[in-house]
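These notes are about the structure you will find just below.
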Amino acid sequence: MVKNSLLDQVAARRRAWGRGAVAVALTGALALTGCAGGNYGDDAAVAGDDAQKQDTSATDSGAEAVDWDALIDIDGMDFDYSDRDKDASYDAASATTIELTGDGATVTGEGASVDGSTVAIFAAGTYVVSGELADGEVVVNASDQDKVQVVLAGASVRNADGAALNIQQADKVFVTLAEGTQNTLADGADYALAEGEDEPNAALFSKADLTINGTGALTVEGNYRHGVNSKDDLVVTGGAIAVTAKEDGLRGKDCVKIADGTFTVTAGEDGIQSSNDEDPTRGFVAIDGGTFALNVQDDGVQAATYLRIAGGEGTVNADDHAFRSEVEAAMTGGDFTVEAGGKGMNPETRFTMDGGTLNVTGCDEGIEAEKVIVNDGALNIVASDDGINAAVAERSDETEGTVEATAADGKTGGDTAAGGEQDTPGDGVGEPPALPEGMEEGQMPEPPTGADGQQPQPPTGENGTMPEPPEGFDPASGERPELPEGAEEGQMPEGGFGGPGGMGGGAGGPMASNASEDCLIQINGGKVTIDAGGDGLDSNGYVEINGGTVFANGSAGGGDSALDYEYGATVTGGTVILAGSTGMAETFTEGTQPFALVAVSGAASDTLTIADASGATLAEYTVPKAFQCAVVSSPDFTEGGTYQVIVNGTATEFTASTTPSNTVGGMGAHGMGGPGGGRDPRDQRSDSAE
């Protein structure tokens, strides 16, 4: 994980920059329009700067600020497993045996009793359960000092109107799956609960810490609500566990820790969940091992505070997010392939990747968090929208069914029927405008026209983009902006119209309300490959590439780009190829490693090769979508050096530089795009951090 001191230094450096983003024109007559306008450096224009700066810790919209640090204490979390968690052995000779007999049971030994079809365990000890109970329950109700081991050794317990295994009180209960046995716990669709009670609510329910271990198999049928639910810790260190549940598959309120085992979960809501959001050391999910096949209608894995993936492998298919944390997530190991209707990985504040492999084969957005930091590992994303999106964090309160935005955009939201968060416009600057008559979603509107009708007209290019007006020009005035000295009518001035802001986008523009200097995509190592239907790398703040390999594409259309940011993008290391369309293209704003934005086109599945002047290959990327330009950088580049981009045998020469003005020797251009890292405010999909 990147040390906080380094992040603080990086943040300080970013704050020292000016506002806005720099888009650079390609060689020849090809001019690009960027998603944000602005200049960098001490001499940058600062008009409207107060409006551009977003405070995510306090807002003027009436939304209560969120103290994210108070919600999570990772150092205080217990990720360890006890020796007994991992030890599934037991002494059968001294254990109490419980033989289930269809409508009752026979107990041999102490600590348990039978009353009709109810088996009660009331003391510490080991209990070996076998046989079948057609309609009854096993209840553990010992003292809060007792440790109880329940060995399922070929046991089947079904309860038509309650939990099959109901743990009401104990210090800790170990459910051991005996080697070579198949076991079943199943409840009914309706429970007979005491008046005013809503528990138990799972086929395997526990009010005490619960550990599942052993090498046997367990089938859990959660027909009422959940499959397995512990109101304290849920720890799994072994077993082949198959869960079907009307709502959640595996729940541990205080935490879920998985060291090993095989998990097949089909759930109407979350696959694995920890829900305690009142204690910053609780509410986490830690996956250290195991094999997973999760098929769920909400989130695959959901944590109230922290999601930690250090091992394990498998697949997640989720109608909403594959991996979700209300605060933070980290991956240091493991190998997972996920497909999601929402995000592949979606913690609110930060996702840090230090190892492992995460393949997102289909999703709305691959990764979304306020900060996305990749230090190592393999991250492969196929997304219908953005590949990686750094977006302002929001706090959701699922209990009350509300979403509270912390960005200064005046928005609040409510849960959708599927459990996602639906953005709802408020009275602040983030309220989406109504679409003009006859205009389609995503289409660029005509600029406002004044009384004399002399508003600058957009170019007639296929993307309908428009140069950004000069600093100080009011788009609503209807007046023609003054042309820079030496510029002729209809000519794009050198450097574009420049300046922060711009109509419809750029820093300070009316669509930049979701921008924040806290938003960051930082890649320091590993390999990141992105196939995006929207933007490849999309930040509401900054993008930094300091190492590793980054291959990404944006949409084939003109509305998105491979690189999109609000304030700035730097490159100090790594191999980078970002291929996309020219309509909203942006390049790096600065860096210590030379880079270039090159006008080069290709069809879907064409290979784009970076080569030196002699033709020797430096890097190559097979681009999944058609492209018209590429941002490239390599550790082999030198300042002012000449290199080539080769597509289908055709080489395009370019000059690499650490400053965008000298990258291709063309004209700068800023345009009328949306802010980096954000979406058109009219987009009302179920997103948690727009």
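Among the residues of segment 552-579, those identified as within 19 Å of the chain's Cα centre (by Cα) and in a strand (DSSP E or B) are Ala552, Asn553, Leu563, Asp564. Listed by position, the strands (runs of 3 or more DSSP E) inside segment 242-329 whose residues that are within 18 Å of the chain's Cα centre (by Cα) number at least 1 are 272-274, 284-287, 291-296, 301-303, 306-309, 313-318, 323-325.
In the set Thr219, Thr181, Thr244, Thr237, only one residue is among the polar types (S, T, N, Q) and touching a Gly at 6+ places or on another chain (Cβ under 6 Å); that residue is Thr181.
Does Ser605 qualify as being of a type in the set (Gly, Ala, Ser), farther than 18 Å from Gly366 by Cβ and in contact with a Phe, Trp or Tyr (Cβ under 8 Å, 6 or more places away or on another chain)? Considered against the rule, which asks whether it is of a type in the set (Gly, Ala, Ser), farther than 18 Å from Gly366 by Cβ and in contact with a Phe, Trp or Tyr (Cβ under 8 Å, 6 or more places away or on another chain), Ser605 comes out as no.
Quick check on Thr587: is it part of a strand (DSSP E or B), touching a strand residue (DSSP E or B) at 6+ places or on another chain (Cβ under 6 Å) and among the polar types (S, T, N, Q)? Criteria not met by Thr587. Within segment 40-98, the set of residues being at pLDDT 95 or above and among the aromatic types (Phe, Trp, Tyr) comprises Phe79, Tyr81, Tyr90.
Take the conditions (1) crowded, with 22+ Cβ neighbours inside 10 Å; (2) assigned to a strand (DSSP E or B); (3) more than 18 Å from the chain's Cα centre (by Cα); Asp538 misses just one of them, which is (3).
Being part of a strand (DSSP E or B), surrounded by fewer than 24 Cβ atoms within 10 Å (Cβ to Cβ) and among the charged types (D, E, K, R) is the requirement here; does Glu339 meet it? So Glu339 passes the test. Of the residues examined, Thr357 is one that is in a strand (DSSP E or B), of a type in the set (S, T, N, Q), under 28 Å from Thr281 (Cα atoms) and without any contact (Cβ under 8 Å) to a residue 24 or more places away in the chain. Answer yes or no: is there a residue in segment 334-341 that is closer than 16 Å to Arg251 by Cβ and modelled with pLDDT of 95 or more. No: zero hits.
Working only within segment 284-320, note down all residues that are of a type outside the set (A, V, I, L, M), more than 26 Å from Thr215 (Cβ to Cβ), touching a residue at least 40 places away in the same chain (Cβ under 8 Å) and touching an Asp or Glu at 6+ places or on another chain (Cβ under 7 Å). Listed by number, the residues that qualify are Gln297, Asp298, Asp299, Thr305, Tyr306, Asp319, Asp320. Every condition in (1) more than 17 Å from Ile167 (Cβ to Cβ); (2) in a loop (DSSP other than H, G, I, E, B) holds for Gly131 except the one numbered (2). Flag: Val360 matches the condition of being under 17 Å from Asp319 (Cβ atoms) and at pLDDT 95 or above. Consider segment 192-231 and keep the residues that are of a type outside the set (D, E, K, R) and at pLDDT below 95. The one that is surrounded by the fewest Cβ atoms within 10 Å (Cβ to Cβ) is Gly196. Close Cβ contacts (under 6 Å, 6 or more residues apart or on different chains) running from residues in segment 205-218 that are closer than 26 Å to Leu193 by Cα and of a type in the set (Lys, Arg) to residues that are at pLDDT 95 or above and assigned to a strand (DSSP E or B) comprise Lys207/Gln168.
Annotation: of all residues in segment 367-403 being surrounded by fewer than 19 Cβ atoms within 10 Å (Cβ to Cβ), modelled with pLDDT under 95 and in a strand (DSSP E or B), the one that is farthest from the chain's Cα centre (by Cα) is Thr402. Which count do you get for residues in segment 342-354 that are assigned to a strand (DSSP E or B), in contact (Cβ under 8 Å) with a residue 40 or more places away in the chain and either closer than 24 Å to Thr262 by Cβ or β-branched (Val, Ile, Thr) (or both)? Counting residues in segment 342-354 that are assigned to a strand (DSSP E or B), in contact (Cβ under 8 Å) with a residue 40 or more places away in the chain and either closer than 24 Å to Thr262 by Cβ or β-branched (Val, Ile, Thr) (or both) gives 1.
The values are calculated or read from the model by the stated rules, or taken from the named source; none is laboratory data. If you're wondering where the values come from, they're calculated on a predicted model, not measured in any experiment. Cβ sites come from the backbone with ideal geometry, for glycine too, and all protein chains shown count toward neighbours.
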